[in-house]
Every structure is written in structure tokens, then in C-alpha cells.
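So the structure is just underneath, and the comments pick up after that.
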């Protein structure tokens, strides 16, 4: 089974803090994704990576950056957290191999910025 | 026009009912169609995957894709309280990394 883990389930930070969210997958997947999920807005893609050290902006990259130094690990960074970044953050991974290139999600990190 | 439309519900049905969940889309390039189930405070989990048009069945779940109408459905037979969750449709173009999600339909199955 694919396993995607996220470093924290719940996180509370203060405005202006630098925040790191970590994601690890154990299936040797090439692609990794960061989403945020908000009521009424659904899942929105922040960034994705299709290879180590490669990254692409998603639909809402402003205020975020990412890092992928190893294939299994993808980090989301909030350089200076703001209250409008309070959200559920979901990491996902997918493989390029085979026909089923669907995304597998982690359990999510619920971030509150005060 | 939004790319993927999904009725948010909430949808409440009695145990044992047949549930029909639907999404419509506008992008004719979508070829891969998925349904995810998300329990409260958890990440989405893949439920069904379909390539192009047709039906796919897995136990009590049936996924249908009608590309000519740009319409996909998920049917749940003999619904159970454990089916209570938010159901997200998702779709993808060939060669693209990105999934486009519906906003999800919240389903409650009442014992």
C-alpha cells in the first residue's frame, strides 16, 4: 500500500512565523503535490514537483515555497505565516509508471495561524 | 464557467438506499476520472478510477463516465453508515500532472 505521511496533524503558529510542513512517501513516486483545502473552495493546488529539485507552481503559490531535495520528501514552507493561511494542508504523491497515475494523499495538517 | 461542477449537498439518505453522486465538466480533454472519499479530518482516499468512457464496478460502488455528455457518476448500492463522508470527483488530461477536483458532496447515511 502507498503510504504518504505528514509531519504534524495539527499545528498552531503565530503571524509572521516561518512554518515548515513535511511530507514523506514510501512508494518511490516521482510526483509530489501540496494542496490546501478550505470550506466552499475545495482542494487547490499550491505547488507540485515531478522530480528531485524540480518544482512547478500550482493555482495558488503566493506566500508559499517548496523544497524537494530527496525523492521521497517534499516540504512546504510558509515564509511569513498570515491568518489567511489557516487551512487544511494535504500532501499527495503519484507515479508515472503504469496506467494508474492517480494521486495518493496523506492525512493532512490542520494549520491555524493566530 | 467552472471546470468541474459538483453539488455540495449535504445529501442525507437512509441506510440501504442507493446513492447517486454526480459531476459535470467542461474540458473535453479530460480522460482520467476518479472518485475520492474523505472522512472528516482525514485525507482523501482513492475509491474508483476510470479511464475514458464506460462503467467500472467494485463491490457496492459503480463509477460511470459519459464523455459525450461530460458527466460522471458514482453509485453506491446498499449504503451503510460507514459510507458517510465527503465524496470528491477528480479528473485529469492525458500527459498532465494535475488533477482538477470538484468541491465535494457531503453524504450522510442514517441508520
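Quick note: the coordinates plus some simple rules give every number you see, no bench work behind them. Note that the structure is a prediction, hence the values are computed from the model and not measured. For neighbour counting, all protein chains shown are included, and Cβ atoms are generated from backbone atoms with ideal geometry for every residue, glycine included.
Evaluated on chain A, the Kirkwood hydrodynamic radius is 14.0 Å, with distances taken between all distinct Cα atoms. Evaluated at q = 0.08, 0.09 Å⁻¹, a Debye calculation over the C-alpha positions of the protein assembly as shown (equal weights, vacuum) places log10 I(q)/I(0) at -0.29, -0.37.
With a 10 Å cut-off around each Cβ of B:38-47, the average count of Cβ atoms from other chains is 5.
Cα extents for segment A:1-44 along the principal axes, largest to smallest and rounded to whole angstrom: 36, 25, 17.
Under Stokes-Einstein, with the Kirkwood radius over Cα pairs as Rh, the value for segment A:58-111 at 10 °C and 1.306 mPa s is 122 µm²/s.
Strictly greater than 17 Å: what percent of every Cα pair in segment A:26-84 meets that? Tail fraction, whole percent: 40. Based on alpha carbons, the Rg and Dmax found for segment B:14-62 are 12.9, 37 Å. Over every Cα atom in chain B, the radius of gyration and the widest Cα-Cα span, Dmax, amount to 13.4, 43 Å.
Here segment B:48-111 is described by how far its Cα atoms reach on the three principal axes: 43, 22, 19 Å, from widest to narrowest.
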